[in-house]
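Only one structure is covered here, and it is reproduced in the block below.
The numbers here are math on the coordinates, done by the rules we state, and not lab data. Since the model is a prediction, treat every value here as computed from it, not as a measurement. Cβ coordinates were reconstructed from backbone atoms using ideal geometry, including for glycine residues, and neighbour counts include every protein chain displayed.
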Amino acid sequence: MNIYAYAGGISLSNRYEVTGRVMLRFVMPGLDTKTSLNVGFNYMKHFVKNDVDKYLVVLSGYKPEEQTTIDMYSIPVTIQYNITKGIIQPFVNGGVSLDYKQETNDQKVSGIVNENKAGISLIAAAGIDGKVSKNFAIRGEWLIQYELGSDLLIHYPTIGVVVSFR
């Protein structure tokens, strides 16, 4: 067993995503050293700013914008498979997650709409770790999350750092 923490994000013009995660990783060396069971806590902030109606800019000179912010707190349980062992470690993982999602949609024209909900999600991720030292790595990761009975949330790819504690 070891503990790892990941912090990463990405900014793309009028949108960004940041995530932070602390996980317990359980490896069964007798079964497979490349497969692990991961359990922990994840926080994600997803922000998008869009133009609502481009025709209003032409007609009135006013540029209405819509800002959507999602704050998601989750407890994921995943199985991770590292494709290789070594300095470069591509991986895939999948599992379930217990989520609490706070979504705020701020439309400058019609006001603010808040939506809070809890639920269960199916999650899948792919990524790559580049080990810098025994306890430190650079990670690129892409996560897809399906909230059962609700939405498919395709996260932006994130780039960040991983610190492991053994």
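For the reader, a short list of remarks on this structure follows.
- Averaging the sequence gap over all C-alpha pairs within less than 8 Å and six or more residues apart, then dividing by the number of residues, gives the chain a relative contact order of 21 percent.
- Expected 222 nm ellipticity per residue - DSSP helices of 4 or more, -39500 (n - 2.57), all of the chain, to 500: -1000 deg cm²/dmol
- Long-range tail of P(r) for the chain (Cα pairs > 24 Å, %): 42
- In range of the label at Leu152: residues from region 119-136 whose backbone nitrogen is under 15 Å from the point 7 Å along Cα→Cβ: 122-125
- In sequence order, calculated HN-Hα J values of region 80-95 (Karplus, 6.51, -1.76, 1.60; Hz; x Gly/Pro): 10, 10, 7, 5, 10, 10, x, 5, 9, 10, x, 8, 10, 8, x, x
- Residues whose placed amide H lies under 5 Å from that of Val96, excluding near-sequence neighbours: Val77, Ile123
- Electrostatic tally near Phe136: other residues with Cβ closer than 13 Å to its Cβ, Lys and Arg +1, Asp and Glu -1, net +3.
- Both numbers refer to the Cα atoms of region 73-166; Rg and Dmax are 16.6, 53 Å.
- The 3J(HN,Hα) values that the Karplus relation (6.51, -1.76, 1.60; θ = phi - 60°) gives for region 133-141 are, in residue order, 8, 4, 10, 9, 8, 9, 10, x, 8 Hz. Gly and Pro appear as x.
- With K and R counted +1 and D and E -1, the other residues having a Cβ less than 12 Å from that of Asn114 yield a net charge of -2.
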